Amino acid sequence: MAELESLETAAEHERILREIESTDTACIGPTLRSVYDGEEHGRFMEKLEARIRNHDREIEKMCNFHYQGFVDSITELLKVRGEAQKLKNQVTDTNRKLQNEGKELIIAMEELKQCRLQQRNISATVDKLTLCLPVLEMYSKLREQMKSKRHYPALKTLEHLEHTYLPQVSHYRFCKIMVDNIPKLREEIKEVSMSDLKDFLESIRKHSDKIGETAMKQAQQQRNLDNIVSQHPRISGGKKSKKEVFASSDLEVKNTSPMSEQDSGILDVEDEDEDEEVPGAQDLVDFSPVYRCLHIYSVLGARETFENYYRKQRRKQARLVLQPPSNMHETLDGYRKYFNQIVGFFVVEDHILHTTQGLVNRAYIDELWEMALSKTIAALRTHSSYCSDPSLVLDLKNLIVLFADTLQGYGFPVNQLFDMLLEIQDQYSETLLKKWSGVFRNILDSDNYSPIPVTNEEVYKKIVGQFPFQDAELEKQPFPKKFPFSEFVPKVYNQIKEFIYACLKFSEDLHLSSTEVDDMIRKSTNLLLTRTLSNCLQNVIKRKNVGLTELVQIIINTTHLEKSCKFLEEFITNITNVLPETVHTTKLYGTTTFKDARHAAEEEIYTNLNQKIDQFLQLADYDWMAVEPGSKASDYLVDLIGFLRSTFAVFTHLPGDVDVHSTMSGKVAQTACMSACKHLSTSLMQLLLEAEVRQLTLGALQQFNLDVEECERKAPS
């Protein structure tokens, strides 16, 4: 057993020795560790020393075998050493000579090296500059465009710079600075374009009246053209109407390109003569700031912000435009300027609606128009109520119609304006009635209440031309002769016709039917007759200083005016083309008016006569205690009868139409005589029954009876 272990140990040591001999020195550590890990390292050391001694004996044998060769090699090496020294000296000398000769070459090579390096650097620099120069050029172009206020092109340049050029040179520091500045540049473009828009809005606000004035001139030209065409239909085929030209040009975008570089504002237009062509309202306005700003904000993704801002600002301007000046009612120019501003505002908005994609929409325009319509109508109702001049009211109506027609041409509904004009028509009628009240008063006050004398045929025809009067008997009479009526008859008749003409003028262009115009004229004329003229006649009749002659002449005059009412009916029918037989046609109340005036004049005659009788009776001085009566009627009664005789002579000696006046004056005279006699008898009876008369004598009664008999005797005459 011990021998077996000894054999294994020896085999292991032999293996380790072979590993030591064949293994690299650096890797011998694990082998040696296995020796020391065992318990037989003493024996191993012995084997190791024995192996070393074997190798030493082998080395010695080998050296002895090769020694003579070694000596020969040393001898040859010594010989080579001398030759090598000579060769070294030659090489050193050659090297020195070569170094001396190559210094210039080295210098040239260094210079060539530097040139090649510079060339390479220059080439690299050119390549880099080739990339950078377009970036710098685009940035310079951007700055130039912004300096010249070409904001939309600047924005396009900025986009190219950001997305195309800068990514190629993004590692350069100046590019990073540019990239950092791009948001600032965008904001600057937004601010500058918004500033241009604000300037545009301010300019539009200031020049709205000029724009509106131009648009209303155009509408007026179109109305005039329509009138000409309606009168001469054949010329309409050869010429395109102004409104059609304007409507077509309205659809064209003026300076709609975002590249337009014109400044905002209103182009100067000098006043044109009426015969010259009025430029289109859009020709006065440069809308490019709006288009540019809209495009810029759209590109920047802020279109909604821009739309809200624009609409908000225009709403504010609309409220300012719709606020009328406090003294607008004083002159027509005040109304005209107010209308011009409103028209100018909506002309601009209508153009924006048709030339931009959604900056404003129809709902927004309709909302503004509803607000404008309500405020305008309210302002007109308020200010027109202060107007007392019918001419100004008529001019205002024409201006409102032109205002409505102008906006209707742009598609705005204006029915409410025409409804309001019907309200103003009532006010116009009132102002006409006030004016004609003064006219009638002047005519009645200046009249001499005497029949009109005629000295020749020319004067006769002139009066007959002014007033519808026919009298065969009067025509047969030689000159000089007299019309039965005084001058106020033809004057009043003509003024009634003038009033009808004035009413007709207001109804023009109101889009009313003939029946409505006829009804309006008749109602206004009835007010003129029943209220205005009737009051004027009543005032004349009730004046204190009016005499019986004047009252009789008023009766004659009103009779002729009453007969002329049928001619007024025909006159209205002719100008309205509505037959009197038409259903719902209003009849004139002139007959009633003049009858009432005549009856008032008759009553005034009776009243005046009775007052005169009372004045004479106040002169009666009866001696109720007289013993004997007088021999004749009392003096006051004789004077009273003389006054009545001369008064009734006025009724029986009236010139003119015998049939008419004899009948009329006879009736008035009979009624006046009956009224006078009745009043006289009643007054005489009152004299007897007075409380102061306490007793009577027979002589006093006989004298009173003598006076009554005198009255009975004179009454038939």
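With all protein chains present, how much of the accessible area of the chain (probe radius 1.4 Å) comes from carbon and sulfur, to the nearest whole percent? The computed percentage sits at 52. Note on Glu370 and Gln702: the extension gain reaches 110.2 nm, defined as 0.36 nm multiplied by sequence separation minus the Cα-Cα distance. Note: relative contact order over region 99-188, using C-alpha pairs below 8 Å and six or more positions apart, is 21 percent. Which value at 222 nm does the chain reach when only helices count, each DSSP H run of 4 or more adding -39,500 (n - 2.57), with the total divided by all residues and rounded to the nearest 500 deg cm²/dmol? It comes out at -25500 deg cm²/dmol, rounded to the nearest 500.
Between Val285 and Leu267, the built amide H atoms are under 5 Å apart, and every one of these is 5 or more places off in sequence or on another chain.
Ser681 sits with roughly 70 Å² accessible to a 1.4 Å probe, with DNA, RNA and ligands left out of the calculation.
Once you have the Cα-Cα distance between Gln357 and Gln618, take 0.36 nm times their residue separation minus that, and quote the gain in nm to one decimal.
On the way: separation 261, 0.36 × 261 = 93.96 nm, distance 9.76 nm.
Between Gln357 and Gln618, full extension yields an extra 84.2 nm.
About its Cα centre, the dipole of region 306-405 is roughly 380 debye, where the only charges are +1 on Lys and Arg Cβ and -1 on Asp and Glu Cβ. Counted by Cβ distance under 14 Å from Leu48, the other residues give a net charge of -2, where Lys and Arg count +1 and Asp and Glu count -1. When Val343, Val638, Val229 are compared by accessible area at a 1.4 angstrom probe, the order from most to least is Val638, Val229, Val343. Close amide H contacts of Val454 (hydrogens built in the peptide plane, cut-off under 5 Å, sequence separation of 5 or more or a different chain): Lys481, Lys482, Phe483.
Note on Val638 and Ile74: the model spin-label points, each 7 Å out from Cα along the C-beta direction, lie 21.7 nm apart. (i) 1.08; (ii) 0.98; (iii) 1.63: which one is Rg/Rh (Cα atoms, Kirkwood Rh) as calculated from this entry? The value computed from this structure is option (iii). If R0 is 35 Å, the Cβ-Cβ spacing of Arg319 and Asp389 corresponds to a FRET efficiency of close to 0.70.
For the chain, the solvent-accessible area with a 1.4 angstrom probe is 58 square angstrom per residue.
Computing FRET efficiency as 1/(1 + (r/R0)^6) for Arg645 and Glu498, where r is the C-beta to C-beta distance and R0 is 45 Å, gives about 0.55. Could you work out how far the C-alpha centroid of region 287-322 sits from that of region 148-173, in angstrom? Result: 26 Å between the Cα centres.
Work out which GluC sites (Glu not before Pro) in the chain are exposed loop sites (DSSP not H, G, I, E or B, at most 14 other Cβ within 10 Å) and give the longest gap free of them.
So the longest stretch without any such site is 278-507.
By a 1.4 Å probe calculation restricted to protein chains, His66 has an accessible surface near 100 Å², given to the nearest 10. The accessible area of Arg362, taken with all protein chains in place and a 1.4 Å probe, comes to roughly 100 Å². If R0 equals 51 Å, the separation of the Cβ atoms of Arg33 and Phe65 corresponds to a calculated FRET efficiency of about 0.85. Each Cα pair under 8 Å and six or more residues apart adds its sequence gap; the mean of these over the residue count of the chain is a relative contact order of 8 percent.
Taken one residue at a time, the phi angles of region 467-474 give Karplus couplings (6.51, -1.76, 1.60, θ = phi - 60°) of 9, x, 9, 9, 8, 4, 5, 5 Hz. Gly and Pro are set to x.
The values are calculated or read from the model by the stated rules, or taken from the named source; none is laboratory data. Quick caveat: nothing in here was measured; it's all calculated off a predicted structure. Reconstructed Cβ throughout: ideal geometry from the backbone, glycine too, with neighbour counts over all protein chains shown. Quick note on the areas: whole protein, heavy atoms, side chains included, nothing else; ligands and nucleic acids left out. Shrake-Rupley method; radii C 1.70, N 1.55, O 1.52, S 1.80 Å.
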